[in-house]
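Okay, so here's the structure we're looking at.
The values are calculated or read from the model by the stated rules, or taken from the named source; none is laboratory data. This structure is a prediction, so every number in the text was calculated from the model and none was measured. Here the Cβ positions follow ideal geometry from the backbone for every residue, glycine too, while neighbour counts run over all protein chains shown.
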Amino acid sequence: MEYAVETKNLTKKFKDLSAVLNLNIEIRPGEIFGLVGPDGAGKTTTLRMLSTAMEQTSGEAKILGLNIKTDEEKIRDRIGYMPQRFSLYNDLTVDENIEFFADLYNVPKDFRIKRKKELLDVMRLSPFTKRKGGQLSGGMQKKLALASNLIHTPEVLFLDEPTTGVDPVSRRDFWKILYELKNVTIVVTTPYMDEADRCNKVGLIREGQLLISDTPEELKKKGNAKTLEEAFINIVEEK
């Protein structure tokens, strides 16, 4: 089968430091894949390579069957990438931010009107279309960033710790929105074990290397644990 995301020995080095080393993952279309690990483990570097924002040192990766090294432009038209920090324009309104991304991706005018209304309703941002991005709460900024990345209906969505720094209610709302997305493959990095537990598959990365990858249920069995956090601790100790 053709995977939505597939890597073979994907590696990124900065001089003598291997930020990501021989990464091998396979993600099926429509799956939510969670990448978990401590700060500096290589999560952000992985997402930057997969989203074509950073070139790999060696190895290869394919997104929707397209090579990240030779098909960057084609890939960028079919993906969304949401970095950790609020990457939108603080001085633009909610509506203007979404319109900017719609223009960036050449979304047809007739389609974007319907699509924008759908996204604003789902994100509960409809009452705030005239509010500037810099005046939104952290949770609302995350929802705006997500809406802007979904305006062109991407097939694969890369989210780098999308709920870090927001309140628990906003985190829950954000994940509810992710679950409601149809026909979208999601690769998300997260420091929260409760979020990792919601993914179809989870990969544990440390010092640039993927230690193990499986469903949350299987990882708990392999780690002889009731919780994912305990499973990871046991797995790391065994390594």
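Starting from residues that are in a loop (DSSP other than H, G, I, E, B) and touching a residue at least 60 places away in the same chain (Cβ under 8 Å), keep the ones in the stretch 73-121 and report whichever is farthest from Ala53 (Cα to Cα). Among residues in the stretch 73-121 that are in a loop (DSSP other than H, G, I, E, B) and touching a residue at least 60 places away in the same chain (Cβ under 8 Å), the one farthest from Ala53 (Cα to Cα) is Leu88.
Checked against the criteria, Glu2 counts as of a type outside the set (Ser, Thr, Tyr) and surrounded by fewer than 17 Cβ atoms within 10 Å (Cβ to Cβ). For the stretch 20-43, filtered to residues that are farther than 17 Å from Val156 by Cβ and at pLDDT 95 or above, the residue that is surrounded by the most Cβ atoms within 10 Å (Cβ to Cβ) is Val20.
Taking the criterion of being in a loop (DSSP other than H, G, I, E, B) and either touching a His at 6+ places or on another chain (Cβ under 8 Å) or crowded, with 16+ Cβ neighbours inside 10 Å (or both), the residues of the stretch 55-70 that qualify are Gln56, Leu64, Ile68. Of the residues that make up the stretch 2-18, is at least one part of a strand (DSSP E or B), free of Cβ contacts under 8 Å to residues at least 12 places away in the same chain and either among the charged types (D, E, K, R) or in the same structural domain as Ile212 (by TED's automatic domain parsing) (or both)? So far as the stretch 2-18 goes, yes, one or more of its residues are part of a strand (DSSP E or B), free of Cβ contacts under 8 Å to residues at least 12 places away in the same chain and either among the charged types (D, E, K, R) or in the same structural domain as Ile212 (by TED's automatic domain parsing) (or both). Against the condition closer than 30 Å to Thr129 by Cα, in contact (Cβ under 8 Å) with a residue 40 or more places away in the chain and within 18 Å of the chain's Cα centre (by Cα), how does Pro29 come out, does it pass? Here the answer is no, as Pro29 does not meet what is asked. Residues in the stretch 193-239 that are assigned to a helix (DSSP H, G or I) and in contact (Cβ under 8 Å) with a residue 24 or more places away in the chain: Met193, Glu195, Ala196, Leu228, Glu229, Phe232, Ile235, Val236. Of everything in the stretch 162-177 that's without any contact (Cβ under 8 Å) to a residue 60 or more places away in the chain and in a loop (DSSP other than H, G, I, E, B), which residue is surrounded by the fewest Cβ atoms within 10 Å (Cβ to Cβ)? The residue in question is Asp167. Each residue in the stretch 187-197 was checked for being farther than 15 Å from Ser213 by Cβ and either surrounded by fewer than 23 Cβ atoms within 10 Å (Cβ to Cβ) or over 13 Å from the mean Cα position of the chain (by Cα) (or both), and 4 pass.
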